[in-house]
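Notes follow the structure.
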Amino acid sequence: MSALFVPLIIAIDGPAAAGKGTLARRLAQHFGLPHLDTGLLYRAVARRVIDAGHSPTDAEAAAMAARTLRAEDIRRGDLRGPPVDEAASLVASVPAVRAALLAFQRDFARAGGAVLDGRDIGTVIFPEATAKLFVTASVAERGRRRWAELRARGVAADRDAITAEVQARDAADGARAAAPMVPAEDAMVLDTTELDAEAAFARALELVGAKLAALGRAP
Ligand code: DC
């Protein structure tokens, strides 16, 4: 590898159920990069706190769970849906939890590049990312998507209640003091309200491609 090699890092941030995960996976496949869903780290911390019988508002317990997180914790099958959704947002507001998860996220991408999706990738984890997308959609559409996702997994849920939960989680993630969810100044905003997964991917490729061209990098 040349000393001048700068790995391709694509940062994808945005609120819950905006389509970040699907988009990140497809971009990673397209560019031949590994993908890290950083929300899984916070979800795994929340799961460990709950399993140990602590409250997700217990900052000490959350910090300890984050410091001792193992790779297999993020491969568990029970990290999505309530009560982990809300608990993940709560543990994510603890600065010591975020600090404990920082090195893992940076190491994941440093050597060979990566696509990472989360809330603070372009602002905190990789402010120097090659391309940054802030993926969003209307709250009604995101609520509908989360509700449909739950239904597909056989979880009965009330659509209005799910939409309200998504909205409350975004408000908490955006208002917290530690690494709040905000678009990086140089992020390209992609609103997927009217786009299906295919159209969102096509638009993301255009945006990332234009950024690479502006930097004089081959796609
Ligand atoms: O993307 P997700 O819904 O799986 O994320 C779960 C929670 O983790 C979400 O409420 C906010 C938090 N999170 C975060 O604070 N920073 C990240 N980089 C990723 C997720």
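I'm checking my understanding of the structure. Among residues of region 120-151 that are within 14 Å of the ligand (Cβ to nearest atom) and assigned to a loop (DSSP other than H, G, I, E, B), which one is surrounded by the fewest Cβ atoms within 10 Å (Cβ to Cβ)? Top of the filtered list is Pro127.
Residue pairs whose Cβ atoms lie under 9 Å apart, separated by 6 or more positions or on different chains, with the first residue in region 5-25 and assigned to a strand (DSSP E or B) and the second crowded, with 24+ Cβ neighbours inside 10 Å and basic (Lys, Arg), are Ile10/Lys132; Ala11/Lys132; Ile12/Lys20; Ile12/Lys132; Asp13/Lys20; Asp13/Arg119; Asp13/Lys132.
Without any contact (Cβ under 8 Å) to a residue 12 or more places away in the chain and of a type in the set (A, V, I, L, M): which single residue out of Ala178, Ala152 fits that description? Working first, answer last.
Details: Ala178 fails: without any contact (Cβ under 8 Å) to a residue 12 or more places away in the chain.
The match here is Ala152.
Against the test of being over 30 Å from Ala200 (Cα atoms), of a type in the set (A, V, I, L, M) and more than 12 Å from the ligand (Cβ to nearest atom), the options Ala111, Ala99 yield a single qualifying residue, Ala99.
Of the residues Thr130, Thr163, the single one that is over 25 Å from Arg43 (Cα atoms) and among the β-branched types (Val, Ile, Thr) is Thr130.
Kindly evaluate Gly154 against the criterion of being open to solvent by 30 Å² or more (accessible area, probe 1.4 Å), more than 17 Å from the chain's Cα centre (by Cα) and under 26 Å from Met64 (Cβ atoms). Walk me through how you get there before you give the answer.
On the way: open to solvent by 30 Å² or more (accessible area, probe 1.4 Å): yes; more than 17 Å from the chain's Cα centre (by Cα): yes; under 26 Å from Met64 (Cβ atoms): no.
It is false that Gly154 is open to solvent by 30 Å² or more (accessible area, probe 1.4 Å), more than 17 Å from the chain's Cα centre (by Cα) and under 26 Å from Met64 (Cβ atoms).
The values are calculated or read from the model by the stated rules, or taken from the named source; none is laboratory data. Computed from a prediction, not measured in an experiment: that's the story for all the values here. When we count neighbours, we look across all protein chains shown, and the Cβ atoms used for this are built from the backbone with ideal geometry, even at glycine. Keep in mind that these areas ignore ligands, DNA and RNA; they rest on the heavy atoms of the full protein, side chains included. Shrake-Rupley method; radii C 1.70, N 1.55, O 1.52, S 1.80 Å.
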